[in-house]
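> I'd like to ask you about the structure that follows.
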Amino acid sequence: MRIYLVRHGKASKDPSIPTDAERPLTKRGRADVEAVARQIAQSGVDIHQIRHSGLVRAAQTADILGDHLQPPGGVIAVKGLHYADPVERLAHELHMEPYPVMFVGHNPFMENLVSLLLTRKTGLTPVWFTTSCTVCMEFIEGEWSIRWVLNREIMPGKD
């Protein structure tokens with residue numbers, strides 16, 4: 001079973017935006033997510049559903065990914081993916097997912113989730129989730145492993 005963990009694209013820091021939850025992607029953030037989404041789609045990744053935190057920047061990231069990946073289960077907002085949420089509940093439930101799912105969220109949540117899945121501890125940061133970073137993880141014989149990591153900084157053709 002595979003899961004895909006994505007940190008949202010680069011978000012605006014405009015002080016006129018009323019709340020953190022409303023911060024949208026910047027032009028660069030959109031471009032980076034588009035590039036990552038194209039690369040993932042070209043690789044033939046099969047994703048059943050994309051779930052995001054509901055914050056504007058995560059929703060926009062998920063929608064861009066959804067446009068490229070066309071998951072049959074759609075793109076939906078779920079609770080439990082915010083930056084301050086505990087990772088234990090999701091970590092416990094992941095191995096029960098019947099289909100490959102992509103989760104779009106925030107740091108430090110994403111880094112703590114990968115840490116917990118790989119080491120059974122949070123806070124060890126085995127992967128640095130830069131904005132738009134995607135990590136594919138696989139659950140085999142009771143253990144999680146990282147299959148691949150993709151971010152805009154290491155992609156071919158980066159400008």
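The values are calculated or read from the model by the stated rules, or taken from the named source; none is laboratory data. Quick caveat, the model's predicted, so the values are computed rather than measured. Cβ: placed from backbone, ideal geometry, glycine included. Neighbour counts: every protein chain shown.
> K10 fails exactly one of the following numbered conditions: (1) of a type in the set (K, R); (2) without any contact (Cβ under 8 Å) to a residue 60 or more places away in the chain; (3) under 19 Å from T130 (Cβ atoms). What is the number of that condition?
(2) is the only condition that K10 fails.
> Applying the selection to the range 108-159, what residues are charged (D, E, K, R) and more than 20 Å from T26 (Cα to Cα)?
Matches in the range 108-159: E111, R120, K121, E138, E141, E143, R147.
> Being aromatic (F, W, Y) and either surrounded by fewer than 20 Cβ atoms within 10 Å (Cβ to Cβ) or in a helix (DSSP H, G or I) (or both) is the filter; apply it to the range 102-143 and report the residue that is modelled with the lowest pLDDT.
It comes out as W128.
> Could you say whether any residue in the range 82-94 is basic (K, R) and without any contact (Cβ under 8 Å) to a residue 12 or more places away in the chain?
Yes.
> May I pose another question? Could you check the range 68-101 and list, in sequence order, the residues that are of a type in the set (A, V, I, L, M) and loosely packed, with under 13 Cβ neighbours inside 10 Å?
A84, M96
> Whether any residue in the range 13-20 is surrounded by 19 or more Cβ atoms within 10 Å (Cβ to Cβ) and over 13 Å from the mean Cα position of the chain (by Cα) is what I want to check.
no
> Additional query: Does V101 satisfy the condition of being out of contact with any helix residue (DSSP H, G or I) (no Cβ under 6 Å at 6 or more places or on another chain) and among the hydrophobic types (A, V, I, L, M, F, W, C)?
yes
> May I ask you to verify whether V56 is at pLDDT below 95, of a type in the set (V, I, T) and within 15 Å of the chain's Cα centre (by Cα)?
When the stated conditions are applied, V56 does not pass them.
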